[in-house]
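Report on one structure; see the data block that follows.
The values are calculated or read from the model by the stated rules, or taken from the named source; none is laboratory data. Everything numeric here is computed off the predicted structure, so don't read it as measured data. Glycine also receives a Cβ, built like all others from the backbone with ideal geometry; neighbour counts cover every protein chain displayed. Ligands, DNA and RNA are stripped out before the accessible areas are found, and what is left, the full protein with its side chains, is counted by its heavy atoms. Shrake-Rupley method; radii C 1.70, N 1.55, O 1.52, S 1.80 Å.
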Amino acid sequence: MDIIEKDRLHTLSSQIDSATSKIAPLWPLSHFVAVNPFIGFADQDFAYTAEAHKRVQGSDLVMPITWFKEKFESGDVRLENLRAAVAVATPEIVESFESADQLLSAENVVALLSSSEKNPDPLYQTCSFSAYLDSREGTQWQHVIREEVAKWVAAYDDEGQSSWKFPWKDLSLFEGWKAAARIDRNPELNGLTGFRKFVVSLPDNPHALIDQAVEMLQMPEERIESLFYRIMLTLPGWAGHLRYKDRELEIRGESGDSLIQLLAILLSYDMALYANHSESKDCVLGWQRNLIKDPAENGSLKLPIDLAQRLVWQSAIEHVFEEKLCADIKPKAKSETDSPRPDVQAIFCIDVRSEVYRRSLELTNSNIQTIGFAGFFGLPIEHRIPGLGGSQSRCPVLLAPPIRTSENMLGIEVSDFDQLVLQRVDARESKRSWKRFKEAASSCFTFVETIGLSYAVELVKDAFGLTAKSSKDKGAPAFLDVFSTVDRASLAEDILKGLDLLENFARIVLFCGHGSATKNNPYASGLDCGACGGHAGDANARLAAALLNQADVRIELSERGILIPSDTVFIGGFHNTTTDEVSLFDYEAVDARLIEELTESLDQAGLLCATERFARFSEAAEQSEITSAVRLRSRDWAQVRPEWALAGNAAIVIAPRSWTAEANLQSRVFLHEYSAKSDPQGAVLENVIAGPMVVASWINLQYFGSSTDNAHFGSGHKSIHNVVGGVGVALGNEYDLRPGLPFQSVHDGKKLIHEPLRLHACIAADTKILDGILERQNHVRDLVENAWVHLISLGEDGQQWIRRQSDGTWK
């Protein structure tokens with residue numbers, strides 16, 4: 001192979017990597033986590049990404065103008081908010097107005113609301129050869145290809161839901177597809193003549209096939225990347241899931257090519273179609289004309305005036321929120337005198353649902369201090385539950401967890417651990433055998449006739465929410481690896497520094513992880529802790545508490561200047577966000593009276609939360625029945641809205657809790673404890689910005705996309721959800737997975753509950769510190785400077801409100 005050929009293949013490989021990197025990963029239902037659906041475009045401007053998505057896939061990143069019109073007419077957005085938005089409008093927006101012979105002013109933007117609406121000019125759209133044929137000849141090849149490829153990917157990636165297994169699962173996805181496609185007559189029955197023979201002639205290497213496709217389909221060099229990306233959008237859901245599988249390998253130092261294999265499979269159908277139409281000169285010439293240079297690539301494409309208008313309104317409605325948030329943050333100078341020792345220090349996840357509970361708990365007892373911290377509590381663990389198989393990464397999905405732990409280790413010797421695993425595996429296999437018997441073709445009908453009635457009692461109990469509550473206490477977790485005292489003390493020190501809890505320890509320090517409890521909900525894990533990778537945070541909480549109770553760890557910490565009083569006890573807890581009940585663990589060493597008082601405060605806080613949350617459900621109930629009505633939702637198998645989860649999220653405040661303690665933030669703000677005085681170099685802050693803040697932006701943008709365009713970025717209506725392979729959800733008998741949140745997660749049936757606002761990151765640090773962090777954290781800088789996140793410096797003392805601009809200045 002000569003140098004020129006090597007360079008060509010290297011360039012092609014880079015184009016493939018660049019195209020696949022634009023696909024947002026889609027986590028499986030077992031640990032579904034919020035992900036930024038625009039993660040592949042973080043290095044591009046928000047406005048132009050909105051234009052590109054509309055052009056390429058017809059999706060909307062911004063709400064329709066009618067929605068903003070309603071906001072203005074209702075008084076939710078005022079003229080002064082529009083003026084503030086116009087003042088910070090980007091040159092691209094100004095240019096768009098000028099191109100339409102319009103002056104950009106608040107008054108003119110309002111006047112345009114009453115102009116007759118017309119559909120914007122159609123935008124140039126890249127497409128695959130199959131999409132080109134469909135538009136030219138009125139065929140349905142895109143539908144056929146989606147259906148064919150999806151059925152094979154679903155069969156290959158099935159996680160145990162199907163009773164009939166794909167026979168080539170021991171091969172790669174591409175090899176398995178080739179083996180199946182060689183004997184599948186379906187494409188030929190749909191008119192794709194000679195497809196089986198064509199598949200046999202294809203290369204066995206997906207990279208070689210892609211190279212062959214580029215040549216055969218005559219893709220221009222400058223269009224290859226955009227065409228690859230467009231072709232993968234044939235099945236955006238499955239593409240996202242395969243991107244997730246590749247990413248899991250990448251963060252562990254390995255490499256995967258599952259998504260590249262999908263691209264090769266999709267290109268195979270286009271190649272077969274092209275081969276069948278190669279004799280038609282008109283068709284081939286039309287395809288070549290279709291491959292003209294994309295106007296977006298030479299800078300000739302401007303923002304459509306419709307989009308420019310909506311972007312101004314988007315900024316205006318964000319300004320409304322920003323005004324209120326600014327008023328809610330009230331900095332308080334830390335007293336120079338010794339603060340009184342609190343009775344309890346309760347550490348909760350930064351999740352917006354914790355804001356309501358923390359506020360309620362603080363109301364029950366003025367001597368309870370609450371602290372916000374990422375819900376994995378500084379312990380990135382690979383957690384095993386004996387008998388379940390595999391392990392759970394209970395940490396932010398940005399990390400590959402280095403610490404191995406397991407549940408049910410209390411009173412179990414390590415030598416007995418394998419025996420426990422075998423017992424649970426046997427129990428699991430018995431259940432699977434029974435499931436296979438019920439669903440087998442030879443026994444399913446007789447099973448219903450002979451044993452079906454025995455399920456009536458359980459059916460009635462489930463229908464009326466009478467099922468007994470399951471306990472979250474599965475036994476105390478423990479580390480599977482042996483760590484030295486120094487290593488364990490370093491873990492503990494990092495936790496305490498992240499909490500800014502280095503002195504004045506309470507008698508009880510509660511680490512309270514969170515999770516949820518729902519019935520008949522494929523997206524149940526999406527209600528659990530995002531900082532724990534879509535799992536409950538109880539194991540992390542209990543491990544953190546146990547670590548800080550160890551005598552040798554405390555001695556080592558004291559030598560590092562962190563003195564924990566001998567009467568301070570750390571305990572674990574679990575906050576069920578669906579019912580707002582808190583369970584406590586491992587508190588035997590605490591005075592019974594103190595536990596009783598804490599339990600009473602926790603119960604009172606839960607009642608206050610239930611009352612506040614019930615108002616958001618727009619349902620009627622007697623005051624005495626509100627708590628039971630809220631908690632019954634967790635056991636109602638017909639309930640499509642067991643809780644609102646993180647709907648409404650719009651900001652993260654990284655500052656002392658005292659600055660927001662007097663405000664009702666309405667479950668819209670992530671709260672992370674931070675003190676600039678304890679972190680003069682910004683080392684702790686950098687970890688918070690690169691970790692929890694990025695996770696918060698992922699959550700924010702997933703809710704954003706699921707609200708602005710649920711058809712493209714959400715998962716549609718729950719009533720027709722169909723779980724596919726245990727991996728994801730399709731709508732009815734559709735073939736592709738849905739990527740985001742259900743319609744019911746952001747809408748109450750009458751109006752949006754989640755108002756789509758970009759994340760406001762308000763940080764108690766000076767601009768110099770923040771600039772240094774952004775210089776080192778490229779991905780975060782992209783999010784800020786391309787307007788995906790609004791970064792606001794409050795200053796070390798909270799006396800300023802300055803926003804980072806796209807050019808790196810502060811205003």
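Treating r as the C-beta distance of Glu625 and Ala711 and R0 as 41 Å, the FRET efficiency rounds to 0.65.
Could you pull out the pairs from Lys71/Lys750; Lys151/Lys245; Lys245/Lys519 whose alpha carbons sit more than 22 Å apart here? Among Lys71/Lys750; Lys151/Lys245; Lys245/Lys519, the Cα-Cα distance tops 22 Å for Lys245/Lys519.
Entry note, the chain: the mean residue ellipticity at 222 nm calculated from DSSP H runs of n ≥ 4, each adding -39500 (n - 2.57), is -14000 deg cm²/dmol after division by the residues and rounding to the nearest 500. Oblate is the label for the stretch 587-674, because the ratio a/c of its alpha-carbon gyration tensor axes (a ≥ b ≥ c) is 1.5 or higher and a/b is not greater than b/c. Here the gap between Glu588 and Asp43, fully extended at 0.36 nm per residue and compared with their Cα-Cα distance, gives a gain of 191.1 nm. In the complete set of protein chains, residue-level accessible area for His790 is approximately 20 Å², probe 1.4 angstrom. Comparing Gly561, Trp637, Val33 along the charge dipole axis of the chain, the residue lying farthest to the positive side is Trp637, per the Cβ-charge model. Sorting Glu318, Glu95, Glu493 by accessible area puts them as Glu95, Glu493, Glu318; the probe is 1.4 Å, largest comes first, and only protein heavy atoms count. Placing a pseudo-label 7 Å from each Cα along the Cα-to-Cβ vector at Arg616 and Gln805 gives an inter-label distance of 3.6 nm.
Under the simplified labelling scheme, the Asp481-Ile555 pair shows an inter-label distance of 2.4 nm, with each label point 7 Å from Cα along Cα→Cβ. Taking a ≥ b ≥ c as the square roots of the Cα gyration tensor eigenvalues, with a/c under 1.5 meaning rounded and otherwise prolate when a/b beats b/c, else oblate, which class fits the stretch 104-215? Here the stretch 104-215 falls in the prolate category. Extension gain, Gln161-Met216: 0.36 nm per intervening residue step, less the Cα-Cα distance, totals 15.9 nm.
At an R0 of 22 angstrom, the distance between the Cβ atoms of Trp637 and Asn722 translates into a FRET efficiency of 0.85. If you take the square roots of the eigenvalues of the alpha-carbon gyration tensor of the stretch 196-301 and sort them as a ≥ b ≥ c, do you get rounded (a/c under 1.5), prolate (a/b over b/c) or oblate? Because a/c hits 1.5 or more and a/b fails to exceed b/c, the stretch 196-301 counts as oblate.
With all protein chains in place and a 1.4 Å probe, the accessible surface of the chain carries 53 percent carbon and sulfur.
The three principal axes of the Cα atoms in the stretch 647-786 give end-to-end lengths of 57, 34, 26 Å, sorted in falling order.
Mind giving me the FRET efficiency for Glu596 and Thr767? R0 is 35 Å, r the Cβ-Cβ distance, nearest 0.05 is fine.
Numbers: r = 48 Å, r/R0 = 1.37.
Efficiency computed from Cβ-Cβ geometry: 0.15.
In nm, what is the difference between 0.36 nm times the number of residues separating Ile4 and Lys677 and their Cα-Cα distance? Spell out each step's value before the answer.
Working: separation 673, 0.36 × 673 = 242.28 nm, distance 5.73 nm.
Going from the current span to full extension adds 236.5 nm.
A 1.4 Å probe run over the chain, with the rest of the protein chains in place, finds 44 Å² accessible per residue. A value for percent of Cα pairs over 40 Å apart was derived from the coordinates, and within the list [x] 47; [y] 41; [z] 53 it appears as [y]. Structural size metrics of the stretch 745-791, computed from C-alpha coordinates, are Rg and Dmax of 15.1, 46 Å.
DSSP beta bridges confined to the chain are antiparallel in about 35 percent of cases. Label point of Ala111 set 7 angstrom out along Cα-Cβ; within the stretch 66-83, amide nitrogens under 18 Å from it belong to 79-80, 82-83.
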